[in-house]
Amino acid sequence: MTTIGKVGTVLAATAFAVLGTAVAPAASAAPACPGGGQPTVQVAAVPGAALEGLTVDPLGRAYTTDILTGRVFRIDAPGAPAVPIATVPSGGGGALAWSPDGALLVGYGADPRVLIGDTIRHAGIVRLDPDTGAMTPFAAGLSAADGMDVAADGIVYATNDFGSLIGRVYPGGVVQADWTALPSANGAVLGADDRYLYVSRTFVNPGVSRIPVDRPDAPQSLLELGSEAPDGLTLDSLDRPVVPLNVSGQVIRIDAPGQSCLLGTSGPLTSVVSYGRGGGGFAAGRLFAATFTGAIFEIPGGFDPNARTATP
């Protein structure tokens, strides 16, 4: 990646830190969830990387992306080294999601061009074989893929936190870049029945919304967060949003509209959370958080034995 590219990416990460200088106390005032607030444990690290995406496969292996270099890493178990398995086409590794056939979808284009917002549509998605690292194009023409999830019918949703557009990609790669608009929508995850797309709002009116898939023009705000910066969220087994707050490192759960509690505190600049899968490694029910500092933590207070992730 060029020096200009690295500087631009650092500017993007710095935007989170700038917000942190005026963090509203609303998020920190959240009470601890039952069992929440336990000490977190660092379980992996990618030295020199700024981690943007995080997901786990059925074997309990974790995957993460580096927003600085576009590399995709696999970590076979907590404590194991991070092994680079691929590099996305234009650098700027973004969100990760599983397609119904088991391929790992990787967003790309999280580079300095995202600072322009939706003006250009330089981003896209590749399909990645998690065992061989082989990549094939899947979609192009998105304004970003900072958050991403896949419905049971194979339709992919992708967001742009520096713009407003949320894109929709149909099976076969047909792109509808302007499916709907929600300023600074970032993390994205579909509910269990694919009726709602849950998104974090990072820079503009920070908070969390859910968007009815059949009424994308009618988003519903679930939580307002003042000046805190929510990032790559997930859902627990009851479809409650589990949300990392980028600057403080807190991980909160939204129990009802306007009501949240604290699961734990990860490292600084926490960017994304994901539940584990499988019987070993990054196992099912365990909650993990990645950071822009290259560290990955386990949040014991977020343990959910019934938690799900997208199933290949």
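Couple of notes before you dig in:
- Calculated FRET value between residue 42 and residue 227, using beta carbons and R₀ = 22 Å, to 0.05: 0.20
- With a Förster radius of 30 Å applied to the beta-carbon distance between residue 131 and residue 195, the computed FRET efficiency rounds to 0.35.
- Just so you know, the averaged projected area of the alpha carbon convex hull for the chain sits at 13.4 nm².
- Here the residues 142, 54, ranked from fewest to most Cβ neighbours within 10 Å of their Cβ, fall in the order 54, 142.
- Exposure proxy ranking, count of Cβ atoms within 10 Å, fewest first, for 200, 209, 271, 260: 209, 260, 271, 200
- Summing charges over all other residues whose Cβ lies under 14 Å from the Cβ of residue 253, with Lys and Arg as +1 and Asp and Glu as -1, gives -3.
- Backbone amide hydrogens, once placed in the peptide plane, bring residue 271 within less than 5 Å of 290, 291, 292, excluding anything fewer than 5 places away on its chain.
- Dipole of the chain, positive direction: furthest Cα of 282, 81, 247, with charges on the beta-carbon: 81
Values quoted throughout were computed directly from the atomic coordinates according to the rules given, and no laboratory measurement underlies them. Everything numeric here is computed off the predicted structure, so don't read it as measured data. As a convention, Cβ positions derive from the backbone with ideal geometry for all residues, glycine included, and neighbour counts pool all protein chains shown.
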